[in-house]
1. Could you list, in sequence order, all residues of the range B:159-206 that are within 14 Å of chain A (Cβ to nearest Cβ) and part of a loop (DSSP other than H, G, I, E, B)?
2. Just for the range C:293-308: of the residues that are away from chain A (no Cβ under 12 Å) and without any contact (Cβ under 8 Å) to a residue 60 or more places away in the chain, which one is farthest from the ligand (Cβ to nearest atom)?
3. Across the range C:516-528, what is the number of residues that are farther than 24 Å from residue C:275 by Cβ, assigned to a loop (DSSP other than H, G, I, E, B) and either touching a strand residue (DSSP E or B) at 6+ places or on another chain (Cβ under 7 Å) or without any contact (Cβ under 8 Å) to a residue 40 or more places away in the chain (or both)?
4. Check residue C:255 against each of (1) within 13 Å of the ligand (Cβ to nearest atom); (2) not in a helix (DSSP H, G or I) and name the one condition it does not meet.
5. Would you say residue C:311 is touching a helix residue (DSSP H, G or I) at 6+ places or on another chain (Cβ under 8 Å), within 14 Å of the ligand (Cβ to nearest atom) and not in a helix (DSSP H, G or I)?
6. Tell me yes or no: at least one residue of the range A:36-43 is within 7 Å of chain B (Cβ to nearest Cβ) and outside any helix (DSSP H, G or I).
7. Out of the residues in the range C:215-252 that are away from the ligand (no atom under 16 Å from the Cβ) and under 20 Å from the mean Cα position of the chain (by Cα), which is farthest from the other protein chains (Cβ to nearest Cβ)?
8. Please go through (1) modelled with pLDDT of 95 or more; (2) within 11 Å of another protein chain (Cβ to nearest Cβ); (3) surrounded by fewer than 20 Cβ atoms within 10 Å (Cβ to Cβ) for residue C:312 and return the number of the only condition it doesn't satisfy.
Ligand SMILES: [Cu+2]
């Protein structure tokens, strides 16, 4: 049970991920400086989600963990999203 | 008989402590999740005021702090690889860099907050209550609560990593038994993920 | 690590002494002792809660002031609610029976993190002390009701800070217990015990633990915001500063509705254990019960708005919450059908735990069906905030959880203390308690439909007769409670020794001695292909 193989992530993977994250940060700063009206919020949130995905998958090792870990994370995020949506059924239609 | 019992006691299950850490991270996510719900509801109700108030925040400091956290996340992740590669010295250096970056983040935050205080912007301040709209009061209320709670998590995460460094030095965390290090890393990434959302929501979307 | 100390396998956990005196308890990381520590601390608090409840009923025996004035009444129902909800029914079954039985039922020697388990108990005590401090010190006992609704919770001049902080701390204890249970169930099941061979009580604890984990933090941050609001005036829920008090209600119920399932799911789990044992039959619809447990846990997360139908929520939200609420009725009904079907053609043995289980089903049905009245938009407007609501949730929270709790304690009593109680007194206690319970809460349905509002110390003359019946019921019920408790306490010390398996139960806890040894199993059991939890 305790002899589960551990995958050693090479350092360069982390460096590439970091570079990607920094580039995404600059993109999101740039995007919000252009006036896209309603799309600014959406754009910034989508970029933040992509960044989160990278952190979860590589830094937090979800890519190398057993699948049920990913299922749990996905489930929790889905529950949270559903709660926000249901809350907005009140505020959006009020 | 005695044999199996002893075996069971000394049984070290890194998978169990990892699940435990993830579950704890879920609770932290939902703790901040509550605040994100509040933020989105109030932003929806006061779009213009939030737009105006966000202009008061300094994007540059926010961006610098974002980069700092991203780099520190990388170093702590590398520390896990380092200990797996049995390179204790590199592990300690990487963890040390993470702690230093955390301190730099907090120093930045300190200057940012004091600048706000100097402008008379803090919860319950006269400037806030007399001169600003209700939406702006909400924005700054949330700003202080969310970044404050986040800073508290930075401090906890930092303490956790220092704790792990001590354990590595004492050889209680070593290449065969490093779940604690991995868990401190997971916690640190959580702090990073939360900031990834705080940054655009407060500093960028103006 | 430190395995040099040999733990004997022939000494029961109650006789095993590692430290001196009380330190055997408060330093013990044995899940069984921790479970009992929860039981004893909870029982103490429970008597405080019962006394406050009796005081309220006495006040309501006649219109006008009887024994207390309005402010005192507000304080009494607040403290009664905070104690009963946050300290008794939410941790009740998971912390007591979950701790005691979960590792044994899945064939483990302890929970995954025993020290964390002990820490949860300390956090629980800390939270309880904070709440008690808010009563004893400061200017005025909290008077907001257990819901701490904004904006009153930061306008009220009473000593609310320690009470709210106490509720926050208690939430922490609940989270850590849940976390511990999930990891324990994932990693420590006996070899061969696959998910679908796990008994139903552990299954219900698994569903419960997820709710504890995912819902509690939301109320944690909400209560924290109320504290910050009181101390710094940040304005998050204060309409004067732009906040929306209804948002507080959303966040509060995002936790507090699922909290009802933290209470009731393990209660249902315990019933699912008792019924197969006393019918000597495989549980009917094992998988359906698991499925309904998970469905209740999941859907229950999205129905919180039914507490807010009159708060000024949007119409769309109202329909949605109403429909979702009705959906929860389906898995609950599935469970009831399965329990009844298990009894069908079984060899039922009418013993105390079975009486409790059977009456649980009856009481739970009344509570559940009256819940539909409150979940439907049109009827809810009519009975909202009346005594009807109080009757409904006491049938669920006290009837459901309480009957299951007493059933569970009579069922596992011989296992826990290794002695038998006096059956005659136990049955008498059950009968008196049930009669008192029905007399106490049934009139409230009527009163609510007649329009008597809740949370008032006074009422109109026309409600007098039903209120007298209700108050008399409270006395009868308390009398029954006294019989039950005295019988159990006496028997724990002086009862005749119990066998290993007095009821012929088939789950793993009945394969170890009564009371179990420190590490539960001499040899970790192995589940074969054909083994299952209820093979009669
Ligand atoms: Cu509810």
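1. Residues satisfying the conditions are B:175, B:176, B:178, B:205, B:206.
2. C:295
3. Residues in the range C:516-528 being farther than 24 Å from residue C:275 by Cβ, assigned to a loop (DSSP other than H, G, I, E, B) and either touching a strand residue (DSSP E or B) at 6+ places or on another chain (Cβ under 7 Å) or without any contact (Cβ under 8 Å) to a residue 40 or more places away in the chain (or both): 1 in total.
4. All conditions are met except number (2).
5. Values: touching a helix residue (DSSP H, G or I) at 6+ places or on another chain (Cβ under 8 Å): yes; within 14 Å of the ligand (Cβ to nearest atom): yes; not in a helix (DSSP H, G or I): yes.
When the stated conditions are applied, residue C:311 passes them.
6. Of the residues in the range A:36-43, the ones within 7 Å of chain B (Cβ to nearest Cβ) are A:40-41.
From what is left, the residues that are outside any helix (DSSP H, G or I) are none.
Checked against the condition, which is being within 7 Å of chain B (Cβ to nearest Cβ) and outside any helix (DSSP H, G or I), the range A:36-43 yields no hits at all.
7. Among residues in the range C:215-252 that are away from the ligand (no atom under 16 Å from the Cβ) and under 20 Å from the mean Cα position of the chain (by Cα), the one farthest from the other protein chains (Cβ to nearest Cβ) is C:220.
8. Here residue C:312 clears every test but (1).
The values are calculated or read from the model by the stated rules, or taken from the named source; none is laboratory data. These numbers come from a predicted model, not from an experiment. Positions of Cβ are generated from backbone atoms using ideal geometry, with glycine treated the same way; all protein chains shown enter the neighbour counts.
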